[in-house]
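Right, one structure below, let's go through it.
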């Protein structure tokens, strides 16, 4: 976190307005830690949901075919994400992975709420299209 805090400090184009570098670094580090904690909380929430969907009873073992299918779908989703325009991908990740609402995504990306929502909807459509195209080809 210390290194990340210093990196954030060095990314600032102008440091002339910083009066107390120690306090400023402390604030940056605290914000980084809080952001990481939020990310972990969101991921653990989604991990629980995934566990409920795929492992409904204790002791359930997924058949190898289902594991392979899930891996293939993840590859396709990653491919779709890599091919998306940068803002669309960022909006999707902030909303669906980091758990930010559309208004927060809009503020973070400096977009209108409508534009942020459109990016998220288009990202979902891109991923659906990618998954559906792959399933059509396999049939």
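Bear in mind that the values in this text are calculations on the coordinates, not laboratory data. Because the structure is predicted, anything quoted here is derived from the model rather than measured. Positions of Cβ are generated from backbone atoms using ideal geometry, with glycine treated the same way; all protein chains shown enter the neighbour counts.
Sort 67, 42 by Cβ crowding within 10 Å, fewest neighbours at the top. List each step's numbers first, then the result.
On the way: 67 12, 42 15.
Ranking 67, 42 by Cβ neighbours within 10 Å, fewest first, gives 67, 42.
Kindly put 129, 119 in sequence by how many other C-beta atoms sit within 10 Å of each C-beta, fewest to most. Display every interim value, and only then the final one.
Values: 129 11, 119 25.
Result, fewest neighbours first: 129, 119.
How long is the gain from residue 27 to residue 66 if the chain were fully straight, where each residue apart is worth 0.36 nm and the alpha carbon distance is subtracted?
Working: separation 39, 0.36 × 39 = 14.04 nm, distance 4.55 nm.
Net length gain for the segment: 9.5 nm.
If each residue of separation counts as 0.36 nm, what is the full-extension length gain between residue 10 and residue 77 once their alpha-carbon separation is subtracted?
Values: separation 67, 0.36 × 67 = 24.12 nm, distance 3.39 nm.
Working it through step by step, the gained length comes to 20.7 nm.
Report the relative contact order of the range 58-127, percent, no decimals, based on alpha-carbon pairs under 8 angstrom and at least 6 residues apart. If you can, show how the numbers build up before the last one.
Details: 47 pairs, mean separation 23.2, N = 70.
The value is 33 percent.
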